[in-house]
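One structure is given here, and the rest of the page talks about it.
The values are calculated or read from the model by the stated rules, or taken from the named source; none is laboratory data. The structure displayed is predicted, hence computed values, not measured ones. Note: ideal-geometry Cβ built from the backbone for every residue, glycine included; neighbour counts use all protein chains shown.
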Amino acid sequence: MNRLLTTFTALAVALAASLASAATPEDVENSFFPYRNWTPEFPGLQPGTVVNQSNVEQFKDVVDFMMYDHIKQGWYEIKVGETTSFDLHPNYVQATRDHLNKTTLGEKVGEINNFVAGRPFPEEPDINDPQAGLKIAWNYKYGYNWGDNAAIAPFYWKFRDLESGKIERTIKFNFHFLNFMHRVNQAPLPSVEPNPGQLFRGIYVIANEPFDIKNTQLLIHRYENDLKRDDAWLYLGFQRRVRRLPAGQITDSFLGSDLMIEDFEGYNGRISDMNWTFKGTQNVLLPFYNHNDMPLSDDHPEKDGYKFIDFGNQGGCFAQVTWQLRKAHVLESDPVDPNHPISKRVHYIDAQTYTIPRTLIYDRKGDFWKSWFICQAHPDHHLAKNKGTGVSIDDCFTMIDMQAKHCTTGQFKGQLDPEMNPQRLFRVQNMRTTGR
């Protein structure tokens with residue numbers, strides 16, 4: 001009898017705790033529309049303020065320590081824009097409402113139960129919840145970054161000397177993304193079929209210029225089962241063959257740049273590859289803006305008149321865009337594998353979009369290594385085809401290797417166009433056919 005009573009009491013306590021922490025419809029609204037009735041503020045900071053070497057001390061609390069250092073050295077200055085709402089697609093928000101509180105974490109990191117679509121854990125992260133960081137990581141993985149599918153075509157990467165500003169190399173890519181499962185907007189819904197391997201997502205990359213790496217291709221298959229390691233293949237044009245990419249190579253320099261494959265989109269790996277720790281929520285300046293309102297580059301003219309974000313300041317490594325004061329969740333990830341080349345990343349996750357516009361990267365010894373930011377453009381002030389898509393568009397990037405005094409910059413032409421991402425692109429056979 002005593003054992004039965006003890007068991008019943010334990011179940012009752014667990015149920016009460018579960019009910020107490022259950023997300024509410026109000027949590028969903030606050031998660032997706034944080035600026036509906038509130039605007040983050042900081043004394044002396046307003047749209048039009050320029051944070052530079054002369055006043056950065058005043059605004060030290062709304063920039064991360066490395067951005068403070070960049071500005072303090074005179075490498076960069078931030079022009080502040082108005083904080084605006086980046087509303088995600090209504091179907092994604094509705095999917096979150098429809099499946100509220102159905103998703104639970106599994107016993108192991110990398111296991112999740114009963115997820116269907118939308119944001120798995122829309123409740124406000126609790127610093128006292130030991131699993132808060134893991135929930136934020138899942139919200140990122142199943143976020144609406146690039147929607148159900150998208151293309152970046154073209155996508156220019158430039159390798160630069162941070163001190164001299166010399167452009168050492170320019171690569172012209174096309175990137176393609178396709179979610180096979182948990183789709184909410186673009187047909188087929190809710191999944192691409194057939195999908196015998198139970199893929200969650202595919203990423204396909206092809207280099208178009210320069211000639212020496214033309215037709216170099218990368219294909220990544222990410223599985224729905226996060227405990228299953230990604231499959232990745234590389235096609236090298238000069239070798240004219242496809243080879244499977246060893247797991248360790250996703251943390252090597254990608255084609256000589258300052259990025260690893262694992263750095264794509266802020267973090268491009270499995271949930272189970274990292275330990276995740278929530279460090280708190282804060283208001284911080286992040287690169288969010290309207291593309292069409294920015295000073296744009298005359299480099300790489302497009303036939304449709306599209307212009308890319310311009311770069312300048314120290315080494316030409318910094319995007320010429322405005323930054324908004326936004327609510328962000330600070331998330332620390334450290335690798336499970338002790339042989340990983342980094343010791344940790346500190347991500348600033350935008351609380352509305354769950355994109356990763358800002359990341360600080362530390363080397364294996366624990367020393368600061370790389371300063372990484374990804375600009376976010378509003379879809380309604382970009383290409384006409386992107387209007388109404390509800391996708392916070394990755395629009396430019398900078399990865400600065402502080403130890404090597406070098407940077408890689410990226411200029412995007414992001415396109416939410418299903419016809420540009422047919423399923424055939426995400427097959428190994430396509431790499432062989434395209435490479436001939």
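Okay, here's what the table says:
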{"read-out": "Count of residues meeting criterion [touching a helix residue (DSSP H, G or I) at 6+ places or on another chain (Cβ under 9 Å), outside any strand (DSSP E or B) and touching a residue at least 60 places away in the same chain (Cβ under 8 Å)] in segment 403-424", "value": "3"}
{"read-out": "Among residues of segment 319-328, those that are touching a residue at least 40 places away in the same chain (Cβ under 8 Å) and either surrounded by fewer than 23 Cβ atoms within 10 Å (Cβ to Cβ) or of a type in the set (S, T, N, Q) (or both), counted", "value": "3"}
{"read-out": "Breaking point among (1) surrounded by fewer than 19 Cβ atoms within 10 Å (Cβ to Cβ); (2) farther than 12 Å from ASN290 by Cβ, for HIS381", "value": "(2)"}
{"read-out": "Test for VAL242: is it assigned to a loop (DSSP other than H, G, I, E, B), surrounded by fewer than 21 Cβ atoms within 10 Å (Cβ to Cβ) and among the β-branched types (Val, Ile, Thr)", "value": "no"}
{"read-out": "Qualifying positions in segment 362-379 - farther than 29 Å from PHE308 by Cα and either assigned to a loop (DSSP other than H, G, I, E, B) or in contact (Cβ under 8 Å) with a residue 60 or more places away in the chain (or both)", "value": "ARG364, LYS365, GLY366, ASP367, PHE368"}
{"read-out": "Count of residues meeting criterion [in a loop (DSSP other than H, G, I, E, B), among the basic types (Lys, Arg) and either under 24 Å from ILE342 (Cβ atoms) or in contact (Cβ under 8 Å) with a residue 60 or more places away in the chain (or both)] in segment 258-306", "value": "1"}
{"read-out": "Condition met for LEU189 (over 25 Å from ILE400 (Cβ atoms), modelled with pLDDT of 95 or more and assigned to a strand (DSSP E or B))", "value": "no"}
{"read-out": "Cβ pairs under 6 Å, 6+ apart, first in segment 237-252 and closer than 14 Å to GLY269 by Cα and touching a residue at least 24 places away in the same chain (Cβ under 8 Å), second among the acidic types (Asp, Glu) and not in a strand (DSSP E or B)", "value": "THR251/GLU262"}
{"read-out": "Conditions (1) within 26 Å of ILE393 (Cα to Cα); (2) assigned to a helix (DSSP H, G or I); (3) modelled with pLDDT of 95 or more: number failed by ILE250", "value": "(3)"}
{"read-out": "Identity of the residue in segment 201-210, surrounded by fewer than 18 Cβ atoms within 10 Å (Cβ to Cβ) and farther than 14 Å from GLY435 by Cβ, that ends up nearest to the chain's Cα centre (by Cα)", "value": "GLU209"}
{"read-out": "Which listed residue, of GLY143, GLY133, is assigned to a helix (DSSP H, G or I), at pLDDT 95 or above and within 22 Å of the chain's Cα centre (by Cα)", "value": "GLY133"}
{"read-out": "Answer from SER31, SER85, SER54, SER21 - the residue that is of a type in the set (S, T, N, Q) and modelled with pLDDT under 95", "value": "SER21"}
{"read-out": "Residue in segment 347-361 that is closer than 22 Å to ASP304 by Cα, surrounded by fewer than 23 Cβ atoms within 10 Å (Cβ to Cβ) and among the small types (Gly, Ala, Ser) present", "value": "no"}
